[in-house]
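Quick note: the coordinates plus some simple rules give every number you see, no bench work behind them. Because the structure is a prediction, the values reported are computed rather than measured. Please note: Cβ atoms are built from the backbone with ideal geometry, for glycine as well, and neighbour counts cover all protein chains shown.
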Amino acid sequence: MKQTLLITGGAGFIGSALIRELMATSAYSIVNLDKLTYAASIEALESAPQDPRYRFEHVDICDAAELQRVFARHRPSGVIHLAAESHVDRSIDGPAEFVDTNVVGTFRLLQATLAYWETLEGPAKSAFRFHHVSTDEVYGTLGAAGYFTETTPYAPNSPYAASKAASDHLARAWHHTYGLPVLITNCSNNYGPYQFLEKLIPLMIVNAIDGKPLPVYGDGSNVRDWLYVTDHAQALIKVYTDGVPGEQYNIGGHNEKRNLDLVEYLCDLLDEMLPDSPHRPHRQLMHFVQDRRGHDQRYAIDAAKIQRELGWAPRETFETGIRKTVAWYLQNIDWCREIQRKRYSGERLGLGNKG
């Protein structure tokens, strides 16, 4: 039986990596449903649009009628839901968009999925999955010790994290109340090719190339666990195919880094990879700036469950993944320049509240 996956947010950073991995390693047909917001990148889909297994739907997940049409037209065998507003700083400036897309949009998608799923029969109904992709930020912040597990109580601190926590709760409720076969994953910070320039790693790389200041929030002591995006895509496929409906799986890279240490590492790597740069040593570009409002101190994922139950573990170390990432940005600087010209020039976000 032909398997068709509906991927929401497939033109985003993680969604496009997932589609690239699916097109390369599986026989699935893909329907990519994306609103094409400022952070979307059709270029990140590489050769997918030329593949007969790939179709694109320019749709907002808040549009219930369009969602109904997409389900009726394509009749997917499952959904992997990644469509979301995702930048914490932007959520501080303008939380309304995050509530609209992440909460209301997820609700609309769940309703459309449930209505469609209830029309299915036999193997098609029993094999169907709704995989909701979320973040470790829903758990709040850690001190110097400990890890987030799947049973860690939710304690979101930013508008972004709160909107994702709400969407997680909706997905869980649609499983327990209506029987929709839902899977939930919560991942640590992703990095890799095609990440939009507002995020820490690509912003530091491109600013360093241009000899611009490298802003480090606060004192740089905040800690994040870093996960290479292709590893995350492979984990998502593993959970979708082998995970147990009703279960939640944490996905982490086992790579905790202080922000300060991360930026210094990037600077040293760029010194090596750009030996003729007039901005060497790149550490001289670093400077401390006003901290993010409500900045969580530490995130760290315990990914033992997905490794124990599904056999997934990250393949990339931080050292191999970050080298690949820097090399990609150096080789694709024209892609970055286009974003700088039209969508984001590197300005500081998250200092105000635009409502």
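Fully extending the segment from GLU46 to LEU330 would add 100.5 nm, taking 0.36 nm per residue of separation and subtracting the current Cα-Cα distance. The number of Lys pairs in the chain with C-alpha atoms less than 21 Å apart, excluding pairs fewer than 8 positions apart on the same chain, is 16. Restriction of the GluC sites (Glu not before Pro) in the range 240-347 to DSSP coil positions whose beta-carbon has at most 11 other beta-carbons within 10 angstrom yields GLU347.
Given the range 158-243, what whole percent of its Cα pairs are spread farther than 23 Å? Tail of P(r) above 23 Å: 43 percent of Cα pairs.
Put a dot 7 Å past the Cα of GLN290, heading toward its Cβ, do the same for ALA24, and the two dots end up 4.2 nm apart.
By the equivalent-ellipsoid construction on the alpha carbon gyration tensor, the chain comes out with semi-axes of 33, 22, 20 Å, ordered largest to smallest. In this simple spin-label model, placing a label point 7 Å from the Cα along the Cα-to-Cβ direction at both ALA304 and ALA127 gives a separation of 3.5 nm. Around the amide H of PHE56, modelled in the peptide plane, lie the amide H atoms of ASN32, all under 5 Å away and 5 or more residues distant in sequence or on another chain.
Note on the range 1-157: Cα convex hull, mean projected area over all directions, 11.0 nm². List the longest stretch of the chain that has no exposed loop site; here a site is one of the trypsin sites (Lys or Arg not before Pro) assigned by DSSP to anything other than H, G, I, E or B, with at most 13 other Cβ within 10 Å. Here the longest run is 3-314.
Principal-axis analysis of the Cα atoms of the chain puts helix 64-74 at an angle of about 70° to the longest axis. Treating r as the C-beta distance of LEU274 and THR177 and R0 as 41 Å, the FRET efficiency rounds to 0.15.
Tell me, how many Å apart are the Cα centres for the range 285-320 and for the range 168-238? So the separation of the two Cα centres works out to 9 Å. Have a look at ALA162, ASN259, LEU120 and report the one farthest towards the positive end of the charge dipole of the range 106-264, computed about the Cα centre with Cβ charges (Lys/Arg +1, Asp/Glu -1). Among ALA162, ASN259, LEU120, the one farthest towards the positive end of the dipole of the range 106-264 is LEU120.
In the range 19-59, inverting the average of 1/r over every pair of distinct C-alpha atoms gives 10.7 Å as the Kirkwood radius. The angle between the Cα long axis of helix 333-342 and the main principal axis of the chain comes to about 80°, on a 0 to 90 degree scale.
Over all directions, what mean area does the Cα convex hull of the range 66-145 project, stated in square nanometres?
Taking a quarter of the hull surface, the average projection is 7.3 nm².
Relative to the compact-globule estimate of 2.2 N^0.38 Å, the Cα radius of gyration of the range 183-301 comes out at 1.22.
Placing unit charges on the Cβ atoms of the charged side chains and taking the dipole of the range 20-162 about its Cα centre, the candidate lying farthest along the positive direction among VAL99, VAL31, THR141 is VAL31. Using only alpha carbons, the range 100-205 has a radius of gyration to Kirkwood radius ratio (Rg to Rh) of 1.05. Rounded to the nearest 10 degrees, the angle from helix 318-331 to the longest Cα principal axis of the chain is 80 degrees.
For a label point 7 angstrom out from the Cα of LEU351 toward its Cβ, which stretches of the range 199-220 have the backbone nitrogen within less than 17 Å? Answer for this model: 213-219.
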